[in-house]
Amino acid sequence: MVAVAKLTPQKIAATEARLEGATLPEGAGWARAAREAALERLRATGLPARRDEYWRYTKPEPLYELPAPRAAVFDAGGEAPVFGEIDRVKLVFVDGVFDPDASDEPSLAGVEIARLSEVTQADIHWAKDLFGVLEARGQSPVPRPLAALNTALAPDGVVIRVTGKAEKPVSLIYLHRDESSDAMLHHLVRLEPGAELTLLENGPAAARFNKVLEVDVADGARFHHVRAQGRDHERLAATHIFARLGQESTFKSFTLTANGRLTRNETVVEFTGDDAVAHVAGAAVGDGDFHHDDTIFITHGAERCESRQVFKKVLRGGAMGVFQGKILVKPGAQKTDGYQISQALLLDEGSAFRAKPELEIYADDVACSHGSTTGAIDETLLFYLRARGIPLEEARGLLILAFLAEAIEEIEDEALAADITARLEAWIRRHRRAG
Amino acid sequence: MLEIRNLHVKLEEEDKEILKGVDLTVEAGRVHAIMGPNGSGKSTLSYVLAGREGYEVTEGEVLFLGQNLLEMEPEERAAAGLFLAFQYPVEIPGVGNMTFLRTALNAQRKARGEPEISAADFLKLVREKARALKIDADMLKRPVNVGFSGGEKKRNEILQMAVLEPKLCILDETDSGLDVDAMRLVAEGVNALRSPDRGFLVITHYQRLLDHIVPDVVHIMADGRIVKTGGPELALEVEKNGYADILKEVA
Ligand SMILES: Nc1ncnc2c1ncn2[C@@H]1O[C@H](COP(=O)(O)OP(=O)(O)OP(=O)(O)O)[C@@H](O)[C@H]1O
Ligand SMILES: [Mg+2]
């Protein structure tokens, strides 16, 4: 249960204003109860306000107020889209609406793929046990109202059940075409014991995007996730990943964010089985009117689990970066190995980084460490590179990429890592200092 | 090839003059050694030649192959053929040794209007030079100088020099921190580069290195000036008697 302080009248008003006229998606089937429960959770906590401790560094209102702020569609020119060379099963959404014609046939050995809007009409047990369930678990001890809003209202999403080792990734492609689109998607992924899947996501999705991904990783299963959030300069995004990890399972998630006016990426991981591994990493690069917030919450509720958080941000032109990362070690979660690093490279004085690392430990035999740094490019290293003939901007680019390396190294697949690196190199080239 | 005339340098941040009128000429095909007490300004001279920030030239000029060196960016100096083997090579986490070297070589080639080297040719070139310096493949794969021992860093400087094939090689105490065998390797590396169109400026405290890299000219630097110039015998004299006699003599 969520313990809530009494809501302020403003909060109630803001929440009701958002819900006014909103109706639960049609034909909700069995999901109706889950959606209504989510609405209740939402009303109990209210939508976030800047005064909430959890939103101290990021302004939440633009992420839910109506109407959604417009966002121009970014023209990538002739540049090939990310993951273009990767063999994958593509599922395309345009402004949050599934486009079957642009998508591949969703057939992949050992993997069942369906749409949330269809699944909720059928009696599918595992989906019932997942939809809104991990989200609800993730509401405590910190409420995540935008995720509850999503469970209540998101009309569609992808539902994936993995029973074997998927031979290629499932790739969700989010296209943004409408300047005023306000999209919500809710995805479910269930990996049965020993199953393996790589999930790719890319694209800006909409002018404003609210997405929830619930991932249930059963014993011995492995889940890899690589996403590249779209480059539209003005788009807004609030995303949540809720993951539950069984015994000896693996969860690895990497996010590249380039551009975007406002992004809040929350990842909530809970270890429920022993000897599991969770790595959550991100590289965010922003120039100008760019606000990027990574908020991570890892709960160690089992023994001998390893968690790693590696977050790097490169900020210039007045860009703002935020990191809130928590490791909670519950009583009895002995031999927990928790690591967290968040670093920002500020390319000018107008940019800023706020970090709030937190450890809360109720077991005595654990190894947890965290660190956070903010700095500029090291002039000594820069001179060394230049003294070998590497021109200034190219040398700066090498050092920026070097700064991001620790996060990129979290991507296990070499081809995916190379693709992400190429995106970052392109960003660095485009955002070189003039003169 | 290098002409330094009456070079005065102070720190940008504070009013401290470090080089107080250095005159020095290095001709192509010759090896010049600079010796001198700690703090006399040897590294400062090498940094100013390489173009490091933080120094202000208050007087004098430096010509390198006829160009006004002091007006060039560090990368332009490198592309023109100036190379400094650093007294303290830096570690660059996240930048692979091979990537670094290839980027540097291609940047220099590009600046000179030459075509880039192919990946295969580059690999062959580096492997060959690394073998001579006994730098193993594993070191090449690591980030630049990260986790290298002091001696390994110095050998890596010489590897870079061998690959980049500069016209003027400035070595700032490349011998310090090297064991006897490593010193021989480094000296062989340097000697392999000796040619009629390449000049050397070797900063060292010890005669040891000069046994292997025999200099044509030896300079003594003290308090920001070249106070004495002679042949190889000058280094032997320093080795035997220290600087006291020389400094007294020129005082
Ligand atoms: N950035 C700096 N800030 C303050 N003092 C400096 C700086 N750079 C050089 N100096 C001073 O200038 C003088 C010359 O230093 P330099 O490093 O050039 O000497 P050196 O001849 O190379 O000595 P060594 O033989 O010990 O390497 C020293 O007194 C040193 O402390
Ligand atoms: Mg020195």
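Would you call B:I92 away from ligand 1 (no atom under 14 Å from the Cβ) and within 14 Å of another protein chain (Cβ to nearest Cβ)?
Working: away from ligand 1 (no atom under 14 Å from the Cβ): yes; within 14 Å of another protein chain (Cβ to nearest Cβ): yes.
The answer is yes for B:I92.
Taken across the range B:199-206, residues that are away from ligand 2 (no atom under 16 Å from the Cβ), over 19 Å from B:F100 (Cβ atoms) and under 17 Å from the mean Cα position of the chain (by Cα) do occur, with at least one present.
So that you can scan it fast, the table gives a plain yes or no per residue for (1) within 16 Å of ligand 1 (Cβ to nearest atom); (2) more than 28 Å from A:I400 (Cβ to Cβ):
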{"position": "B:G51", "(1), (2)": "yes, no"}
{"position": "B:F83", "(1), (2)": "no, no"}
{"position": "B:M98", "(1), (2)": "no, no"}
{"position": "B:Q108", "(1), (2)": "no, no"}
{"position": "B:P115", "(1), (2)": "no, no"}
{"position": "B:K129", "(1), (2)": "no, yes"}
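For B:E157, the criteria (1) within 14 Å of chain A (Cβ to nearest Cβ); (2) of a type in the set (D, E); (3) away from ligand 1 (no atom under 16 Å from the Cβ); (4) closer than 28 Å to B:P37 by Cα hold in every case but one, which is (3).
Of all residue pairs spaced 6 or more apart or on separate chains, those with beta-carbon atoms under 7 Å, a first member in the range B:170-183 that is among the aliphatic types (A, V, I, L, M) and more than 13 Å from ligand 2 (Cβ to nearest atom) and a second member that is at pLDDT below 90 and outside any helix (DSSP H, G or I) are B:M183/B:D175.
Elements of the type helices (runs of 4 or more DSSP H) sitting completely within the range B:90-187 and holding at least 2 residues that are loosely packed, with under 14 Cβ neighbours inside 10 Å and at pLDDT below 95: these cover B:119-132, B:137-141.
Name the residue, out of B:F100, B:F122, B:F86, that is more than 22 Å from the chain's Cα centre (by Cα) and aromatic (F, W, Y).
On the way: B:F100 fails: more than 22 Å from the chain's Cα centre (by Cα); B:F86 fails: more than 22 Å from the chain's Cα centre (by Cα).
Just a single option satisfies the conditions, and that option is B:F122.
The one condition from (1) more than 9 Å from chain A (Cβ to nearest Cβ); (2) touching a Pro at 6+ places or on another chain (Cβ under 8 Å); (3) under 21 Å from B:L7 (Cβ atoms) that B:F83 does not meet is (1). If you go through the range B:203-229 and keep only what is more than 15 Å from B:I246 (Cβ to Cβ) and more than 13 Å from ligand 1 (Cβ to nearest atom), you end up with B:R208, B:L209, B:L210, B:D211, B:H212, B:I213, B:V214, B:P215, B:D216, B:V217. In the set (1) without any contact (Cβ under 8 Å) to a residue 24 or more places away in the chain; (2) within 14 Å of chain A (Cβ to nearest Cβ), B:L105 fails one condition alone, (1).
State all residues of the range B:56-76 that are within 12 Å of chain A (Cβ to nearest Cβ) and either loosely packed, with under 14 Cβ neighbours inside 10 Å or within 16 Å of ligand 2 (Cβ to nearest atom) (or both); if no residue qualifies, say none. Passing the criteria: only B:E73. Remark: pairs (first residue in the range B:195-211, over 10 Å from B:A33 (Cα atoms) and within 14 Å of chain A (Cβ to nearest Cβ); second residue modelled with pLDDT under 90 and within 16 Å of ligand 2 (Cβ to nearest atom); Cβ separation under 6 Å; 6+ apart in sequence or on different chains) are absent.
The values are calculated or read from the model by the stated rules, or taken from the named source; none is laboratory data. From a predicted model like this one, the values you see are computed outputs, not experimental measurements. So basically every Cβ, Gly included, is an ideal-geometry build from the backbone, and we count neighbours across all protein chains shown.
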